[in-house]
1. From the list L182, L188, exactly one residue is of a type outside the set (D, E, K, R), more than 19 Å from S130 (Cβ to Cβ) and surrounded by 12 or more Cβ atoms within 10 Å (Cβ to Cβ). Which is it?
2. Filter segment 223-244 down to residues that are closer than 16 Å to F163 by Cα and within 22 Å of the chain's Cα centre (by Cα), then give me how many there are.
3. Return the only residue of D189, D243 being in contact with a Ser or Thr (Cβ under 8 Å, 6 or more places away or on another chain), charged (D, E, K, R) and farther than 24 Å from P152 by Cα.
4. Just checking, does segment 167-184 include any residue being of a type in the set (K, R), touching a residue at least 24 places away in the same chain (Cβ under 8 Å) and farther than 16 Å from S137 by Cβ?
5. Quick one: in segment 130-143, which of the residues that are open to solvent by less than 30 Å² (accessible area, probe 1.4 Å) and polar (S, T, N, Q) is farthest from H216 (Cα to Cα)?
6. Would you point out the residue of segment 147-164, among those that are hydrophobic (A, V, I, L, M, F, W, C) and in contact (Cβ under 8 Å) with a residue 60 or more places away in the chain, that is surrounded by the most Cβ atoms within 10 Å (Cβ to Cβ)?
7. Of all helices (runs of 4 or more DSSP H) completely enclosed by segment 78-142, which ones contain at least 1 residues that are under 29 Å from P152 (Cβ atoms), at pLDDT 95 or above and out of contact with any Gly (no Cβ under 9 Å at 6 or more places or on another chain)?
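The values are calculated or read from the model by the stated rules, or taken from the named source; none is laboratory data. None of these values were measured; they are calculated from a predicted model. Note: ideal-geometry Cβ built from the backbone for every residue, glycine included; neighbour counts use all protein chains shown. For accessibility, only protein heavy atoms count, side chains too; no ligands or nucleic acids. Shrake-Rupley method; radii C 1.70, N 1.55, O 1.52, S 1.80 Å.
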Amino acid sequence: MTLLTPLHHATRKEMRQKQLVAKKVEHHRLRTSLTMVAATGLLATSALPSYGFDPETTAMSGLARDNTMVEISAPSQGLSVAAVRAVEFSRGDYQPAEASEFEVRSSSRRYDGPTAADYVLDPRFTNVTSGNIMKASAELVGTPYVYGGETPAGFDCSGYVMFVYSQFGMDLPHSVYQQAKLGEKISLDEAIPGDIVVFNDYSHNGIYAGNGNFYHAPQPGDRVKLAPIFTDRYHIIRLADIDN
């Protein structure tokens, strides 16, 4: 009995040591697993596309294609007005664009005839009539829009008005605002073909053709045309006594 007691005591001690080692191994494996899960989550988050971040950032980057992100996230994220507008402005599927598409190009159309300055010195028309102004305006239909253009090679809006009126010996500045300030503001009821249509913010002008229409050089990519006045925010200016 004296010899068996120590052997029995040693066996129980070894068992307790084995249990402690097993627990340490289990804890180590658990920590390793948690670390791997956390690392995987971080990698997945960094790999998310832009719409995985806050919707304001997404909207301002131009990557949102509709209002879905705004509708879902607005209550919690508090989108700014600019961000909402950015989302609303994106219509349809995103299409890549080249920077060259936004460049203002000069017209390749050649013109070697008289300039506005030439006509001021030697007017083409001696009588300022609605018929003559309409004739001079209509002859230029189809001329491409060119920013800063003032010859039949290309016109912008005030350059077109300047060129037409130069044919009657009138020397106008190349500016919507300055042209408007040279004339007399009249009511629409008094307007006759040949008067000037001026947008209230001085962003555009053209030559009144009657019946709510005007000749004008619209915008880049377009051409001089006869078209309806497409806004009610305009007034009429008379630059000369027109014989109707």
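1. One residue alone meets the criteria, L182.
2. 1
3. Details: D189 fails: in contact with a Ser or Thr (Cβ under 8 Å, 6 or more places away or on another chain).
Only one candidate qualifies: D243.
4. Of all residues in segment 167-184, those of a type in the set (K, R) come to 181.
From the residues that got through so far, the ones that are touching a residue at least 24 places away in the same chain (Cβ under 8 Å) too are none.
Checked segment 167-184: no residue is of a type in the set (K, R), touching a residue at least 24 places away in the same chain (Cβ under 8 Å) and farther than 16 Å from S137 by Cβ.
5. The initial filter retains those residues of segment 130-143 that are open to solvent by less than 30 Å² (accessible area, probe 1.4 Å), namely 130, 133, 136-137, 140, 142-143.
Of the ones still in play, those that are also polar (S, T, N, Q) are 130, 137, 143.
Values: S130: 16, S137: 9, T143: 10 Å.
Here the residue is S130.
6. So the residue we want is F155.
7. Helices (runs of 4 or more DSSP H) meeting the threshold: 116-121, 130-138.
This table checks each residue for (1) part of a loop (DSSP other than H, G, I, E, B); (2) under 32 Å from the mean Cα position of the chain (by Cα); (3) of a type in the set (S, T, N, Q); (4) under 18 Å from T115 (Cα atoms).
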residue: F168; (1), (2), (3), (4): yes, no, no, yes
residue: H174; (1), (2), (3), (4): yes, yes, no, yes
residue: A209; (1), (2), (3), (4): no, yes, no, no
residue: G221; (1), (2), (3), (4): yes, yes, no, no
